[in-house]
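> Here it is, the structure in full.
Throughout, read-outs are computed from the coordinates displayed, never taken from laboratory work. Remember, it's a predicted structure, so these values are computed and weren't measured experimentally. Reconstructed Cβ throughout: ideal geometry from the backbone, glycine too, with neighbour counts over all protein chains shown.
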Amino acid sequence: MKGLRRRPTDAELAILRVLWTRGPSTVREVAEVMGREAGYTTILKLMQIMTEKRLVRRDEAARTHIYEAAYTEDQTQRHLVTDLLDRVFDGSAAKLVIQALAAGKTSPEELAEIRKLLSEKVRGTESAGEDVRGAEAPGGNEDRRGRQ
């Protein structure tokens, strides 16, 4: 994903999950959803850092700033998986999938979804799988190493 320069930390991902679920929110709203109202200043500092990292956008029009995720959940997941694929699996999607399935945390529904995607990939009908995977990240015509 072009614009996403740094990987979000676990704490930043927790905040992003709130923003993806709720939509644009204040720091207080995010803190409440996270059950960390007492940690307001910590959430505020994290969201300020996330703004600098361009993970979130801040609307300063009103007295109370509103934050929203800069990228969709799908775009962020794709970026993180691509990074993991390149760093850990030397670009091999097969190695990644094999290790993910070997972890044994796949539900029957997920296995059915995987089978469907594999069948579509074999038939060359990737567009049908887009319903499951969602929108492409910016630069979607590039492969995972940034080549056209």
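> Arranged from highest to lowest average of other beta-carbon atoms within 10 Å per residue, in what order do the peptides 52-59, 82-89 appear? Each step should come with its number before you reach the end.
Details: 52-59: 16.5, 82-89: 13.8.
In descending order of packing, they fall as 52-59, 82-89.
> Further question: List, in order, the whole-Hz ³J(HN,Hα) value for each residue of the range 71-81 obtained from phi through the Karplus relation with A = 6.51, B = -1.76, C = 1.60 and θ = phi - 60°; use x for Gly and Pro.
After applying 6.51 cos²θ - 1.76 cosθ + 1.60, I find 10, 5, 4, 4, 4, 5, 4, 4, 4, 5, 5 Hz.
> Among 68-74, 103-109, 39-45, what's the highest-first ranking by average C-beta atoms within 10 angstrom per residue? Spell out each step's value before the answer.
Details: 68-74: 17.3, 103-109: 8.3, 39-45: 14.9.
Highest to lowest by the protection proxy: 68-74, 39-45, 103-109.
> May I pose another question? Can you give the extra length, in nm with one decimal, that the chain gains between Q77 and M34 once fully stretched, where that is 0.36 nm per residue apart less the Cα-Cα distance?
Numbers: separation 43, 0.36 × 43 = 15.48 nm, distance 2.07 nm.
Contour length minus Cα-Cα distance gives 13.4 nm.
> Using label points projected 7 Å from each Cα along Cα→Cβ, tell me how many nm separate R7 and I114, to one decimal.
Reported label-point gap for R7 and I114 is 2.1 nm.
> A further question follows. Mind checking the full-extension length gain between V88 and H65? Use 0.36 nm per residue of separation minus the Cα-Cα distance, one decimal, nm. Working shown, then result.
On the way: separation 23, 0.36 × 23 = 8.28 nm, distance 3.82 nm.
Roughly 4.5 nm would be gained on extension.
> While we're on this one: Stretch Q48-R17 to full length: gain in nm at 0.36 nm per residue minus the Cα-Cα span?
On the way: separation 31, 0.36 × 31 = 11.16 nm, distance 1.64 nm.
Length gained, Q48 through R17: 9.5 nm.
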